[in-house]
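The values are calculated or read from the model by the stated rules, or taken from the named source; none is laboratory data. Everything numeric in this text was worked out from a predicted model, so none of it was measured. Cβ coordinates were reconstructed from backbone atoms using ideal geometry, including for glycine residues, and neighbour counts include every protein chain displayed.
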Amino acid sequence: MTNLKKIYNTKSPVLEEMGFNDDNYVIIAGPCAIEDRESLLAYAKLLKDNNIHYMRAGAFKPRTSPYDFQGLGYLGLNMLKEIRELTGIKVVSEIVNADDVKKFEETVDIIQVGTRNAQNFELLKALGKTTTPVLLKRGFGNTIDEWLSAAEYILASGNPNVILCERGLKSIDGNSHNILDLGGAILVKKLTKLPVIIDPSHASKIYETVPELTWAGLTAGLNGALIEIHFNPDASISDSAQALRTTKFSGLLEKARKISAVLDKKIY
Ligand code: PEP
Ligand code: MN
């Protein structure tokens, strides 16, 4: 391993307090992208009704093609802020520009770093200057050492509140399917004191496997799952193939709650 000093002994009381501790499996769910205010409010209500504390929703969408929807940007971020204040739901959203750290600090509970920026070291250093928790995705081609080093950038710059997220590696199936490195996530959970979660949606790209991967992360002793859901996946403006229909999401939660009871944990 490269020179890692902080990652092995950094525990985050802030994250433990926010639900990311070994008594819980935290579900963070919501649409890939913020589409409009009304649907965002409806997602927040659905999650609250299901006793889920965190909603995900992207305002800035780093897309492979420049012709695909790039997100609503600051307009979306302001919607997120409003819905957060209105409903009390906690929110997670992706940052793509180091100049936006202050804006995100004021708007979200957790700042997400996507797989494409997983080694954007200037962004990681800038996130080390805030204490707002950071959800750091693993780069889709990164080794565990590279992933931990990326987290070390944030920790060494002064922010101890980092959540590690395994989101799948590129596979021989090209664009149709990714590989969830569950073993890697379990290893990282054993190597560090930081919470480790999975993203079964981007890790598979196929909604049909999202519930099973979510349950696998729970039984593996990980801390949570970041899940893309949609009221009408066919109409989803981005990542429609992996979006789990909201009606199926209740089934995912029901079974997760049964499994968690056996493991003496709570779905948070
Ligand atoms: C996302 O969570 O919406 C996202 C873009 O994820 P990733 O960076 O893992 O592709
Ligand atoms: Mn997505």
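Listing for the model above:
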| read-out | value |
| --- | --- |
| Single match in 114, 71, 58 (criterion: touching a Cys at 6+ places or on another chain (Cβ under 7 Å) and either among the small types (Gly, Ala, Ser) or modelled with pLDDT under 95 (or both)) | 58 |
| The range 223-249, subset under 19 Å from the mean Cα position of the chain (by Cα) and small (Gly, Ala, Ser), residue farthest from residue 54 (Cα to Cα) | 241 |
| Residues of the range 47-59 satisfying the condition of being away from ligand 2 (no atom under 12 Å from the Cβ), in a loop (DSSP other than H, G, I, E, B) and either without any contact (Cβ under 8 Å) to a residue 60 or more places away in the chain or of a type in the set (A, V, I, L, M) (or both) | 52, 59 |
| Those helices (runs of 4 or more DSSP H) lying entirely in the range 180-268 with at least 2 residues more than 16 Å from ligand 1 (Cβ to nearest atom) | 182-191, 210-219, 246-262 |
| Of all residues in the range 155-179 being within 19 Å of residue 194 (Cβ to Cβ) and in a strand (DSSP E or B), the one that is farthest from the chain's Cα centre (by Cα) | 162 |
| Among (1) touching a residue at least 60 places away in the same chain (Cβ under 8 Å); (2) in contact with a strand residue (DSSP E or B) (Cβ under 6 Å, 6 or more places away or on another chain), the one test that residue 189 misses | (1) |
| Test result for residue 222, modelled with pLDDT of 95 or more and in contact with a Ser or Thr (Cβ under 8 Å, 6 or more places away or on another chain) | no |
